[in-house]
1. Where does the chain land at 222 nm, in deg cm²/dmol rounded to the nearest 500, when only DSSP H runs of n ≥ 4 count, each adding -39500 (n - 2.57), divided by all residues?
2. Compute a Gaussian network model of the chain, connecting alpha carbons closer than 10 Å, and tell me which residue from Ala212, Ala220, Ala50 fluctuates the most.
3. Once you place label points 7 Å from the Cα toward the Cβ at Asp34 and Glu80, how far apart are they in nm?
4. On a 0 to 90° scale, report how tilted helix 20-32 is relative to the longest principal axis of the chain, with both axes built from alpha carbons and the result rounded to the nearest 10.
5. Evaluate the distance, in nm, between pseudo-label points positioned 7 Å from the Cα of Leu128 and of Leu54 along their respective Cα→Cβ axes.
6. Compare Ser94, Ser218, Ser81 by solvent-accessible area with a 1.4 Å probe and give them largest first, with all protein chains kept in place.
7. Please report the spacing between the Cα centers of the stretch 7-71 and the stretch 150-206 in Å, no decimals.
8. May I ask you to evaluate 6.51 cos²θ - 1.76 cosθ + 1.60, the Karplus curve with θ = phi - 60°, for each residue of the stretch 185-193 and list the ³J(HN,Hα) values in order in whole Hz, giving x for glycine and proline?
Amino acid sequence: MSAGESARSCPRVLVVDDQPANLLILEHQLRALDCDVELAADGAQALEKAAAELFQLVLLDCQLPDIDGYTVAERIRTRESATGVHTPILAISSATDDEHQQRVMASGMDGLLTKPIRDDVLRDLIALWCDSGDASPAHAPGAADAGQDLWRVYLDSLDDDLDSLARAVVTDDLAVARHVAHRIKGAALTVEQGAIAERAGALETALKQASALPGDASEAVAELRRQRDALRAGSAIG
């Protein structure tokens, strides 16, 4: 039995992401496609909610702070093996490397999406996996349509992420620095802030290749803060 066989008129979608801006915009996009949306901010919440009810689709970030998305998918598949249910699970990530793609498929997920997720792609996926008929909204939503709430959430979460990144650099915590740089990149892509995404992505790549924090990590944090300050100044002027 497929989980997509129930509630076809209003697909129930679980979105799992630890970045608040990503959650907000995906919720906005999915509700515009007449989906019933449940949100989870980490792997533990995702497992609890997936065990409590059936979803027609799970959109699962792989870089979660507690249990990574690959492990979450594996645990969902293990539980489903005793029931005959197969819930479509799609990875959502800004990662595009071969290792990520291999881990997605090995974990039992059904496919992967690269952030930012375009509205037309999301609409087609709902139609494909949820068998919901015409999922076209009267107006296709985008980041701009989420309005000031999204921008406020993004800037506030960017503040938090930059503070976390700075602490990781000071304490020489390479693993945390990698994770936070990835978060900053993914959120920036979601809200179409290419300069921040590029700088955070360059830092993430350098951290992945390093066995210790590089000497210019502090300058990377300072540059990201300057970019953040410019965004806040522009927002205040607007």
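The values are calculated or read from the model by the stated rules, or taken from the named source; none is laboratory data. Since this is a predicted model, take the numbers as computed values, not measurements. As a convention, Cβ positions derive from the backbone with ideal geometry for all residues, glycine included, and neighbour counts pool all protein chains shown. Calculation scope for accessible area: heavy atoms of the full protein, side chains included, ligands and nucleic acids excluded. Shrake-Rupley method; radii C 1.70, N 1.55, O 1.52, S 1.80 Å.
1. On the way: 9 runs with 134 residues, N = 238.
The per-residue figure over the chain is -18500 deg cm²/dmol.
2. The residue with the greatest mean-square fluctuation here is Ala212.
3. 2.5
4. Helix 20-32 sits roughly 30 degrees off the main axis of the chain.
5. Rounded to a tenth, the inter-label distance reads 2.3 nm.
6. On the way: Ser94 10, Ser218 70, Ser81 95 Å².
Ranking Ser94, Ser218, Ser81 by accessible area, largest first, yields Ser81, Ser218, Ser94.
7. Measuring centre to centre over Cα atoms gives 21 Å.
8. With coefficients 6.51, -1.76 and 1.60, one gets 4, x, 5, 5, 4, 4, 9, 6, 9 Hz.
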